[in-house]
Amino acid sequence: MTQERASRKKGSHTATVLSNVQAGECFWKLRLRFDGEAAKAFAGFTPGQFVQFDVSDLAIPSTDSIPTALLDGARRSVLLRRPFSFSDVTADGDTTTADLLYCIVGPASLRMTTLREGDTTHLIGPLGNGFAVPEGKRTALLVVGGMGLPPIRCLAKSLSVEHPDITAVAFIGSRTVNALPLEERPARFDEGLSLSVPTFATLGIASMVATDDGSAGHRGPVTKCLSHWLQENADRPREETVVYACGPERMLAAVARIANETDIDCQVSMERRMACGIGLCQSCAVECRVAGSDEIIYKLCCQDGPVFDAREVFFGADDA
Ligand SMILES: Cc1cc2nc3c(=O)[nH]c(=O)nc-3n(C[C@H](O)[C@H](O)[C@H](O)COP(=O)(O)OP(=O)(O)OC[C@H]3O[C@@H](n4cnc5c(N)ncnc54)[C@H](O)[C@@H]3O)c2cc1C
Ligand code: FES
């Protein structure tokens with residue numbers, strides 16, 4: 001994974017479910033195995049790419065396991081596939097395994113909880129571009145907001161394996177401690193930058209947690225931690241640093257602003273509702289600036305993204 005972006009080879013594939021378990025208060029972890037052609041296609045998966053998951057033939061879970069807030073919408077049929085990123089991809093000989101961390105927010109994610117070991121699933125992918133690692137970078141700052149974690153976790157692993165010369169630091173933000181998309185939570189989070197968040201610690205990556213309500217780590221937006229780190233490390237050459245971010249759009253806008261003010265390269269993974277995922281329906285438009293002019297054009301999140309250069313994205317009111 002260097003300058004060149006992800007392979008555009010994509011296809012309709014099946015995968016076998018290895019496990020599907022609740023992995024925290026708010027999310028589940030699905031482990032898939034790809035064989036044959038699918039294994040080859042996903043062996044080249046670039047962190048930040050995504051798949052369009054087909055849940056149309058999955059059952060609705062029993063009423064007592066449906067969160068009250070979702071009871072009304074749970075029975076809506078799900079014709080359109082849904083986009084998901086992988087948090088980990090491992091190619092091993094003729095098989096490739098991939099982990100998908102998902103949050104239950106509606107009928108599709110609810111149906112995904114009924115998948116059991118040995119089931120077959122259908123998806124299209126790998127889709128989109130994924131994160132790039134520009135030449136000459138020595139420091140990567142990984143900024144996560146809530147369920148923005150999966151592609152950043154995947155990137156963190158890829159950096160530690162393929163770019164051991166790059167020092168990565170993770171900043172993980174969430175509304176509250178229970179909504180942190182972490183599979184293993186330490187007994188306590190260290191106040192400063194430390195190896196306390198297992199997801200990143202196992203990769204040798206130090207991390208910092210911020211929660212809106214102060215229930216873990218720093219109280220307040222994760223972007224404050226990023227700004228603070230940049231101030232404390234002002235002597236590091238900016239051109240050797242790159243920021244990667246995935247999370248709510250307001251967070252991405254704030255990260256983009258900080259990166260712009262400090263003249264640091266920044267890539268943001270945008271989220272849009274996606275109907276087709278392959279550039280046909282135009283439902284996933286992202287407003288982008290034309291370099292050197294005031295003109296705004298629309299790019300497609302599924303094809304031109306989901307990862308964009310932060311300088312390119314027009315965040316609307318958040319851009320002010
Ligand atoms: C590139 C990409 C990668 C993604 N990766 C993951 C992942 O790894 N894990 C994960 O849990 N989710 C991920 N998502 C989000 C996931 O696609 C949605 O949560 C999905 O729509 C859930 O389907 P559903 O039928 O359960 O809920 P829906 O009924 O589709 O959605 C429920 C509610 O969630 C909100 N919502 C859903 N999708 C979006 C969106 N794209 N933008 C803004 N709001 C939205 C809306 O308020 C909606 O009413 C990703 C999205 C994109 C675009
Ligand atoms: S999702 Fe259809 S064009 Fe992007």
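Counting only helical runs of four or more DSSP H residues, what would the 222 nm mean residue ellipticity of the chain come to if each run contributes -39,500 (n - 2.57) and the total is spread over all its residues? All intermediate terms of the calculation are to be shown ahead of the outcome.
Details: 6 runs with 56 residues, N = 320.
Using -39500 (n - 2.57) per qualifying helix, the result is -5000 deg cm²/dmol.
When the dipole is taken about the Cα centre of the chain, and only Lys, Arg (+1) and Asp, Glu (-1) are charged at their Cβ, what size is it in debye, to the nearest 20?
Details: 32 positive and 40 negative charges, 135 e Å.
In total the dipole reaches around 640 debye.
Which distance in nm do the two modelled labels at E25 and D213 give, with both placed 7 Å along the Cα-to-Cβ direction?
For the pair E25/D213, the computed spacing is 0.6 nm.
Rounded if a/c is under 1.5, else prolate if a/b is larger than b/c, else oblate: which is the range 87-186, with a ≥ b ≥ c the root eigenvalues of its Cα gyration tensor? Let's see the in-between values first.
Working: a/c = 2.13, a/b = 1.29, b/c = 1.65.
Cα axes put the range 87-186 in the oblate bin.
Quick one: putting +1 on the C-beta of Lys and Arg, -1 on the C-beta of Asp and Glu, what dipole do you get for the range 181-319 around its Cα centre, in Debye to the nearest 20? Mind dumping the intermediate values first?
Working: 13 positive and 23 negative charges, 71 e Å.
With Lys and Arg at +1 and Asp and Glu at -1, about 340 debye.
Return the carbon/sulfur percentage of the accessible area of the chain, one whole number, probe 1.4 Å, all protein chains in place. Mind showing how you got there, number by number?
Values: 7070 of 14630 Å².
Answer for the chain is 48 percent, counting heavy atoms of protein chains only.
Between T63 and D235, what is the label-point separation in nm under the 7 Å Cα-to-beta-carbon projection?
Between D235 and T63, the label points sit 6.6 nm apart.
List the cysteines in the chain whose Cβ has no other cysteine Cβ under 4.7 Å from it.
Those would be C26, C103, C154, C225, C246, C266, C288, C302, since no other cysteine Cβ in the chain comes under 4.7 Å of theirs.
Counting pairs on different chains as well as pairs 8 or more places apart, how many Lys pairs in the chain have Cα atoms under 28 Å apart?
Total qualifying Lys-Lys pairs in the chain comes to 16.
I'd like to check one number: the per residue accessible area of the range 122-193, probe 1.4 Å, reported in Å² as a whole number. Walk me through the intermediate numbers first.
Values: 2490 Å² over 72 residues.
Dividing the accessible area of the range 122-193 by its residue count gives 35 Å².
On full extension of the chain, what length is gained from T176 through T262, given 0.36 nm per residue of separation minus the C-alpha to C-alpha distance? Working shown, then result.
Numbers: separation 86, 0.36 × 86 = 30.96 nm, distance 2.87 nm.
Full extension from T176 to T262 adds 28.1 nm.
Amide H neighbours of T113 under 5 Å, at least 5 residues apart or on other chains, H built in the peptide plane: list them.
Under 5 Å from the amide H of T113: no residue qualifies.
The values are calculated or read from the model by the stated rules, or taken from the named source; none is laboratory data. Just so it is clear, the structure is predicted and the values come from calculations on it, not from any experiment. Here Cβ is always computed from backbone atoms with ideal geometry, including for glycine, and neighbour counts include all displayed protein chains. Remember, those area values only see protein heavy atoms, side chains included, never the ligands or the DNA or RNA. Shrake-Rupley method; radii C 1.70, N 1.55, O 1.52, S 1.80 Å.
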